[in-house]
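The values are calculated or read from the model by the stated rules, or taken from the named source; none is laboratory data. For clarity, every value in this text was computed on a predicted model and none was experimentally measured. Don't worry about glycine lacking a Cβ; one is built from the backbone with ideal geometry, like all the others, and counts go over all protein chains shown. All accessible areas refer to the heavy atoms of the entire protein, side chains included, with ligands and DNA or RNA removed. Shrake-Rupley method; radii C 1.70, N 1.55, O 1.52, S 1.80 Å.
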Amino acid sequence: MINKPATMATLLLFLLLSAVSQAHPGHVVEAELAWKVDSNSGELQIALAVLPEDLEQALSDPVGRAESPDRLQAYLAQHFRVTAATGGPLPLSLLGLEPAYDRTWVYFSIPTDQHRHLELEMTLLRDLYPNQVNRLRQLSVEGAATLVFAPGDGPKALAYPSPAPLAEPRAKSAF
């Protein structure tokens, strides 16, 4: 005979654990990077996907001021650092933001001035979540591995593309 209370308790526990596991998909930021290279200059174009609530918390101000493009750009400059072998971090330009219910896409670019040996340090949200993992897909380089930035990882080398780019990052929208 079926023990109804035990069966109901097991079913309830299963549903509860399923709901908890779906509540937050984990702390992972996904980014796509494409190199735009011509004979005189170069540029990295980045599309970054982040959970809206994580981005809001990362940009929160203890005084309660609203987020602004300047604060977002400063946060990205601190936590998405591209450096050239010959100098310090390269500046970035915020291009746009595409907020949505399940993720916010942030678009920005970094001029490379034909630097071929670049490193990236990606520590987005690590100040909020110590176990934060960030991933970067290098779209312009055939066979390039996705870079994974786990806690404790330092900068990683970006692969330089062949002459013809292979893919574009997501389309960007203006502010």
Hypothetical label at SER93: residues of segment 116-133 whose amide nitrogen lies under 14 Å (7 Å Cα-Cβ projection) | none
Between segment 110-137 and segment 76-106, what's the alpha-carbon centroid distance in Å?
-> 8
Per residue accessible area in Å² of segment 29-143, where ligands, DNA and RNA are left out and the probe is 1.4 Å | 50
